[in-house]
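These notes are about the structure you will find just below.
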Amino acid sequence: MSDAVADLIAAEGLPADYAEVVERHWKPLADRIATRAAGHTPLIVGINGAQGSGKTTLCRFLELLLGRRGLRAVTLSIDDIYLTRTERMALARQVHPLFATRGVPGTHSPALGMEVIEAIRAGRAVTLPRFDKAMDDRAPESVPVPGPVDVLLFEGWCLGAIPQDEAALAEPVNALEAEEDVDGTWRDTVNRLLGEDYARLFAQVDLLLMLKVGSFAEVRRNRRLQEEKLRARNPGAPGPMSPAEVDRFLSHFERLTLHMLDAMPARADLVIPIGPDQRPL
């Protein structure tokens, strides 16, 4: 194991034996991406995965491993192209109150994502937007990246998702939909947007990878664990959510997550099953 990999494992707060994951899974994946990128740069790699599947960690290792192969890789998260808080509040007033919570299609700016990808495809310098989750708003600072870029790692929980059949929208999947989206306006709008601006954005992806968790119950457990770790690190901080708050928050994502777990494995170029320990199987 190289010092750079060991340093990144330490920086990510991962156990030392995570080096085996890098060796067995992420190095071969980097090789595959590098082979695909040969003669086809810039390459847009889409990385789909439910919350807690390890997308951010994977991208950090891929940036390092691709760099060793002479490829310049940068990461854009779909979280970084969220609408501003002001824009989301306007959407909540005009369309449906559930759009006040960031996450689902409709709360991003696909146009901003297209701008980034178009600049990278043209080999120009690009400024990557960033979203500040603590402020619940787009960060005033962005990240300048001089061109050209060889590989864009575009990650997001709903990256590459396609709309559901309209008939599937009729029945609510949880209490949030049953009680707060009684007429189905929210889920209908999310579904429609997936087939419009989001479809054009996701069509830019050259290679689609899915980190596939076993069930939505694992998503819920992973997110609760994440909040417990935040609370342990910052006992007096007001930020971490209670289990009940986590469950309500995740209810916004449940429908589309279940749909992707069912439909995306047949559509993705590569599917990597993720175990309950958040490591690839």
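The values are calculated or read from the model by the stated rules, or taken from the named source; none is laboratory data. From a predicted model like this one, the values you see are computed outputs, not experimental measurements. Counting neighbours? That spans all protein chains shown, and the Cβs are built from the backbone with ideal geometry, glycine included.
Here are a few things to note about the model shown:
- Test for Arg187: is it surrounded by fewer than 18 Cβ atoms within 10 Å (Cβ to Cβ), within 20 Å of Tyr82 (Cβ to Cβ) and touching a residue at least 24 places away in the same chain (Cβ under 8 Å): no
- Members of region 78-105 found to be closer than 22 Å to Glu141 by Cα and outside any loop (DSSP other than H, G, I, E, B), listed by number: Ile78, Asp79, Asp80, Ile81, Tyr82, Arg85, Thr86, Glu87, Arg88, Met89
- Residue within region 86-96 that is over 23 Å from Glu196 (Cβ atoms), at pLDDT 95 or above and touching a strand residue (DSSP E or B) at 6+ places or on another chain (Cβ under 8 Å) present: no
- Yes/no for Ile81 being crowded, with 16+ Cβ neighbours inside 10 Å and free of Cβ contacts under 8 Å to residues at least 60 places away in the same chain: yes
- Identity of the residue in region 84-108, among the aliphatic types (A, V, I, L, M) and in contact (Cβ under 8 Å) with a residue 40 or more places away in the chain, that ends up farthest from Asp183 (Cα to Cα): Val104
- Residues satisfying the stated conditions in region 109-147, i.e. touching a residue at least 60 places away in the same chain (Cβ under 8 Å) and either under 17 Å from Cys158 (Cβ atoms) or not in a loop (DSSP other than H, G, I, E, B) (or both): Pro110, Ala111, Gly113, Met114, Ile117, Ile120, Arg121, Val145
- Being within 27 Å of Leu14 (Cα to Cα), in a helix (DSSP H, G or I) and either among the acidic types (Asp, Glu) or at pLDDT below 95 (or both) holds for only one residue in Glu227, Glu179, and it is Glu227.
- Going through (1) modelled with pLDDT of 95 or more; (2) aliphatic (A, V, I, L, M); (3) crowded, with 16+ Cβ neighbours inside 10 Å; (4) out of contact with any Leu (no Cβ under 7 Å at 6 or more places or on another chain) one by one, Val246 falls short only on (1).
Matching residues to (1) surrounded by 21 or more Cβ atoms within 10 Å (Cβ to Cβ); (2) over 22 Å from Leu211 (Cβ atoms); (3) of a type in the set (A, V, I, L, M, F, W, C):
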residue	(1), (2), (3)
Val45	yes, no, yes
Arg72	no, yes, no
Arg85	no, yes, no
Ala100	no, yes, yes
Val104	yes, no, yes
Ile120	yes, yes, yes
